[in-house]
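Notes for the one structure printed next.
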Amino acid sequence: MDHLVTVVEHVSVSRFVGVAGATLWAYDYLLTCVTEYERIWPTQWSLVKVLFLTVRYIAVPYIALSMYFVIPNLPAGYPSLTLMSSCRFYSIAVLVFRILELGSQSCLVVIRVRALYGGRLWVTWALYSAFVLTHATTITLSLSSVLETYSSLGYSLIFHVCVANITKFAKFVYFIEIPLEILLLAMQLVHYWRLSRALAPVQPSHLLKTLYTDGVIYFAGTVTLRLWAGLVVIFLDPTYWYMTVILELALSSAFVSRMVLHLNQVAFQVPKGNTLPSNGISTLQLVEPQPPVDLWMEMKFQPSRQSHDDP
């Protein structure tokens, strides 16, 4: 009986944390939706725009579906077969949404780091190889975990949640992305160190400082969330798993969305030529020339909108 009470308490805590995560995401969206409308939607379609919108809005069905199954709202008298099928659908849908979200987040940061290095070939190969290896491993372990738990999935009429046996591989899925995040942070820090030495005593431009600063903030936020979620699944009771489902993805989506919006705001405020206003020295004159990054990746305002906005 004591164990049953404990499980009920754990599930209740998970529900409250999930609601808090959904609320934080909605609050952040309301704060940034105007900026998104002004800065993102007028731009031409590009890879970055597609990735941003994926990160931004894949959280909506993910959170909605998770809230539907986490909060007890299914009417009594549902056939057990229907409940079991619903739980299986939920597990597959959450897996697909999470893979799309994580892949889009990582790809956005990879593009940022690649742009810092001017699209150099060795950087491109290193980044994309690490990206493919990381997400191939994530997809493989995630699919393996879902297949192993698929037959044991069911709906608990006592706790009003989907239940299943957590496999040992599922406990480590949260940590697979961390080496890639460390690589991305290290490449940004190395670039900042090299550029600072090349420009000394002049400081890097505001746009470059924004790239570096936002990269560090993104790393700290997302890695902290993934470490927290992974440690919860490994060391705490399995009934706490629902606590990590919504909060981790909702906050990481907010982090990445703000990172892209902030960089977009700063980029369109920087004078053409990336000049440094302090002494008229151009950053492009102080660093070695670099090949242009693929134009199809970049977000640019539509010609009509741009001409309308220009003074």
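The values are calculated or read from the model by the stated rules, or taken from the named source; none is laboratory data. In this text the structure is predicted, and so the values were computed from the model without any measurement. Here Cβ is always computed from backbone atoms with ideal geometry, including for glycine, and neighbour counts include all displayed protein chains.
What number of residues in segment 117-149 are more than 21 Å from the chain's Cα centre (by Cα) and touching a residue at least 24 places away in the same chain (Cβ under 8 Å)? Residues that pass the stated criteria total 9. Assess whether GLY215 counts as being of a type outside the set (A, V, I, L, M), more than 29 Å from ASN264 (Cβ to Cβ) and modelled with pLDDT of 85 or more. Against the criterion (of a type outside the set (A, V, I, L, M), more than 29 Å from ASN264 (Cβ to Cβ) and modelled with pLDDT of 85 or more), GLY215 does not qualify. Is there a residue being under 30 Å from SER91 (Cβ atoms) and over 14 Å from the mean Cα position of the chain (by Cα) anywhere in segment 28-41? The answer is yes; a qualifying residue exists.
Does THR137 meet the test of being hydroxyl-bearing (Ser, Thr, Tyr), modelled with pLDDT under 90 and either outside any helix (DSSP H, G or I) or out of contact with any helix residue (DSSP H, G or I) (no Cβ under 8 Å at 6 or more places or on another chain) (or both)? In short, no. Would you please list the contacts, defined by Cβ atoms under 9 Å and residues six or more apart or on different chains, that run from a residue in segment 187-203 that is touching a residue at least 60 places away in the same chain (Cβ under 8 Å) and more than 18 Å from GLY215 (Cα to Cα) to a residue that is aliphatic (A, V, I, L, M) and exposed (fewer than 14 other Cβ atoms within 10 Å of the Cβ)? Note: pairs meeting the criteria are LEU199/ILE281; VAL202/ILE281. In segment 60-75, the qualifying residues are those that are at pLDDT below 75 and surrounded by fewer than 17 Cβ atoms within 10 Å (Cβ to Cβ), and the one that is nearest to the chain's Cα centre (by Cα) is ILE71. Among the residues of segment 275-289, none qualifies, meaning not one is of a type in the set (Asp, Glu) and at pLDDT 80 or above.
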